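Trainee: The structure's right below; bear with me while I get my questions together.
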Amino acid sequence: MKDLELLIRNVQDFPKEGIGFKDITTLLKDADAFRQATKQMYEPYKDAGVQKIAGIDSRGFIFGGAMAYEYGLPFVPFRKPGKLPAETISESYALEYGEDSIEIHVDAIEKGEKVLVVDDLLATGGTAAAACKLIDRLGGIVVGVSFLIELSFISGRKKLDGRNISVLIDYDSE
Ligand code: AMP
């Protein structure tokens, strides 16, 4: 087993001053670590009856896609506005300045379907909370939200109150 935290590169002041960007590309370059991370991110839900993986644009596609392939599950994407070609629904969430939104195809989720939401990193929790709301609106059941990394000093978890969350690597300070 590898220490995955050692394979995350911190890039200070990217994309702007004051942000410590957690770069996962250094982990992805290591095939064993990539596979280990994917499996460990799924592990808490292996007996939860997951029927579909929903990955968040864009690094959630990497782990979510690998997970779907590994466990023989279907994959659906949450995307930034204007990227999905068919009919969508959308949820907005607050950013530090202004707001952003994510979308999903209306036919991506069946009613009562058990969905695992996947992203690389939990910061303010805005993106993941919006993703969960979209699953709720389509009548799906969010089994959990699986992240590789949590920046727990931001306390984004609060926005996901009542959801089942799992994280492999925690940063409790900047
Ligand atoms: P949030 O909605 O604030 O929880 O932001 C989560 C999304 O933004 C994830 O999809 C991450 O990929 C990205 N993100 C936010 N902060 C960072 C960071 N410090 N390093 C890398 N990615 C980040």
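No lab work stands behind these numbers, since they all come straight from the coordinates. Treat the numbers as computed from the prediction; the structure is a model and nothing was measured. Positions of Cβ are backbone-derived with ideal geometry, glycine not excepted, and every protein chain shown enters the neighbour counts.
Trainee: Counting Lys and Arg as +1 and Asp and Glu as -1, what is the net charge of the other residues whose Cβ lies under 14 Å from the Cβ of Leu4?
Mentor: -3
Trainee: Give me the dipole magnitude in Debye, nearest 20, for the range 48-171 about the Cα centre, with unit charges on the beta carbon: positive for Lys and Arg, negative for Asp and Glu.
Mentor: Roughly 180 debye, rounded to the nearest 20.
Trainee: Mind running the shape call on the chain? Use the C-alpha gyration tensor, a ≥ b ≥ c as the square roots of the eigenvalues: rounded below 1.5 for a/c, prolate if a/b tops b/c, oblate otherwise.
Mentor: Oblate, because a/c is 1.5 or more while a/b does not exceed b/c.
Trainee: Return the loop-located trypsin sites (Lys or Arg not before Pro) in the range 59-131 (DSSP other than H, G, I, E, B) with at most 16 other Cβ atoms within 10 Å of their own Cβ; answer none if there are none.
Mentor: In loop regions of the range 59-131 (DSSP not H, G, I, E or B), the sparsely surrounded trypsin sites (Lys or Arg not before Pro) are Lys83, Lys111.
Trainee: Give me the percent of DSSP beta bridges within the chain that run antiparallel, rounded to the nearest 5.
Mentor: Of those bridges, close to 35 percent are antiparallel.
Trainee: Could you give the nm distance between label points at Glu5 and Arg35, where each point is 7 Å from its Cα heading toward the beta carbon?
Mentor: 2.5
Trainee: If Lys and Arg each add +1 and Asp and Glu each add -1, what is the summed charge of the other residues whose beta carbon sits under 15 Å from the beta carbon of Asp107?
Mentor: 0
Trainee: FRET efficiency for Glu17 and Ile89, Cβ-Cβ distance as r, R0 = 45 Å, nearest 0.05?
Mentor: Between Glu17 and Ile89 the formula returns 0.80.
Trainee: Tell me, in nm to one decimal, what length is gained between Thr25 and Arg163 on full extension, where the rule is 0.36 nm per residue of separation less the Cα-Cα distance?
Mentor: 46.9 nm
Trainee: Could you tell me which of the pairs Lys114/Lys159; Lys52/Lys83; Lys16/Lys39; Lys2/Lys46 are separated by over 24 angstrom between their Cα atoms in the structure shown?
Mentor: Checking Cα-Cα distances, Lys16/Lys39 exceed 24 Å.
Trainee: Return the loop-located GluC sites (Glu not before Pro) in the range 54-104 (DSSP other than H, G, I, E, B) with at most 10 other Cβ atoms within 10 Å of their own Cβ; answer none if there are none.
Mentor: Passing both the DSSP loop test and the Cβ count: Glu87, Glu96.
Trainee: Got a sec to turn the phi values of the range 59-76 into Karplus ³J(HN,Hα) couplings, 6.51 cos²θ - 1.76 cosθ + 1.60 with θ = phi - 60°, whole Hz, x for Gly and Pro?
Mentor: Calculated HN-Hα couplings, in order: 6, x, 5, 5, 6, x, x, 5, 5, 4, 5, 4, 9, x, 10, x, 10, 10 Hz.
Trainee: Note the full-extension length gain between Tyr97 and Lys133 as 0.36 nm times their separation in residues minus their Cα-Cα distance, in nm to one decimal.
Mentor: 10.8 nm
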